[in-house]
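The structure under discussion appears below in the form of structure tokens.
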Amino acid sequence: MPSIYTADDPGAYELSMGRWSRRLAGPFLGFAAIGRAARIVDVGCGTGSLTFALADVAPDAEIVGVDYSQAYVDHARSNAPEGKRLTFERGDAAALPYEDRAFDAALSQLVLNFVPDAERAAGEMARVIRPDGVVAACVWDFRGGLTFLRVFADTAAALDPDGEAFRARQFSAPFTGPGELAAAWARLGLGAVEGTALTIRMEFGSFADYWEPWLGGQGTVGAYVTGLGEAKRRLIEHHLRLAYLAGGRDGPRSFAATAWAVRGIKPGGTRQHDFENEA
């Protein structure tokens, strides 16, 4: 099933989101607590931010990164460190090309809300995991926790009717609200479901560092910006600059960015029996 996320320029993605994905990967892996998983799949691996972090924390594991974008897959392959058991493949998150119980852990970072059938993709993650395996995901808290994008979306919505439509779609996507990921994990029948919020800081050196990555056209934000006519794009840029400056000089800014995260254990193994006994 095609993604709703424009993903054809890995270099532009690295500037617009990849750098923040790498920063979030550490806290997310700490929460996911995959233990000694020997075979791991990263669903929606993009350019490899989480996959490479996994290779550092689980150096002996076999790790498979799968993404719908061939351009991103090729980029990840070209940057894969030597000596690691990493594989990158093109695939659909809602129809993973793997057998049941093929992995010990399945993770997905900042992806599921962009999959047209998000519930099905979550189910696919659970399907390919062995009993006792960990299934974990995180998604940005667009409505209340992603400050740098909230500033942009509110500015665009005030100046452009299409900007209002963009904000509504982006901020009401699946799994982006409080408790939505955990509720989905419970519906899948996963055990020991835990949800949390993970916060990082996004630092920008200047307004240009904040604005120009969107001109690369990646993701839903980049697609919206590059789809604007020149006059409207300049208008939004002008008012967004004022919002960024907020009465100060151009220069560094730091924005808080929070993601919802969830983890669960696939039932049917010894851990599940322990959970049942404790209950």
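The values are calculated or read from the model by the stated rules, or taken from the named source; none is laboratory data. Bear in mind that the values here come from a model prediction, so they are computed numbers and not experimental data. Note that we place each Cβ from the backbone using ideal geometry, even for glycine, and neighbour counts take in every protein chain shown. Keep in mind that these areas ignore ligands, DNA and RNA; they rest on the heavy atoms of the full protein, side chains included. Shrake-Rupley method; radii C 1.70, N 1.55, O 1.52, S 1.80 Å.
Couple of notes before you dig in:
- Among the protein heavy atoms of the chain, carbon and sulfur supply 51% of the accessible surface, probe 1.4 Å, non-protein parts ignored.
- Spin-label pair ARG36/ALA243, simplified geometry with 7 Å Cα→Cβ offset, distance in nm: 5.0
- Against the empirical curve 2.2 N^0.38 Å, the C-alpha radius of gyration of the range 1-155 lands at a ratio of 0.99.
- Cα centroid separation, the range 192-261 to the range 77-139 (Å): 28
- Ranked by solvent-accessible area (1.4 Å probe, protein heavy atoms only, all chains present), the residues SER254, SER21, SER78 order from largest to smallest as SER78, SER254, SER21.
- Measuring nothing but alpha carbons in the chain and taking Rh as the Kirkwood radius, the Rg to Rh ratio lands at 0.99.
- Of all segments of the chain bounded by trypsin sites (Lys or Arg not before Pro) found in a DSSP loop with no more than 16 other C-beta atoms within 10 Å, the longest spans 144-248.
- Applying 1/(1 + (r/R0)^6) with r as the Cβ-Cβ distance of GLN70 and GLU99 and R0 = 35 angstrom yields a FRET efficiency of 0.95.
- In nm, spacing of pseudo-spin labels at SER172 and SER206 (7 Å Cα→C-beta vector): 3.9
- Rg and Dmax of the range 27-78, Cα atoms only, in Å: 10.9, 31
- In the context of the full set of protein chains, the chain has a per residue accessible area of 43 Å² (1.4 Å probe).
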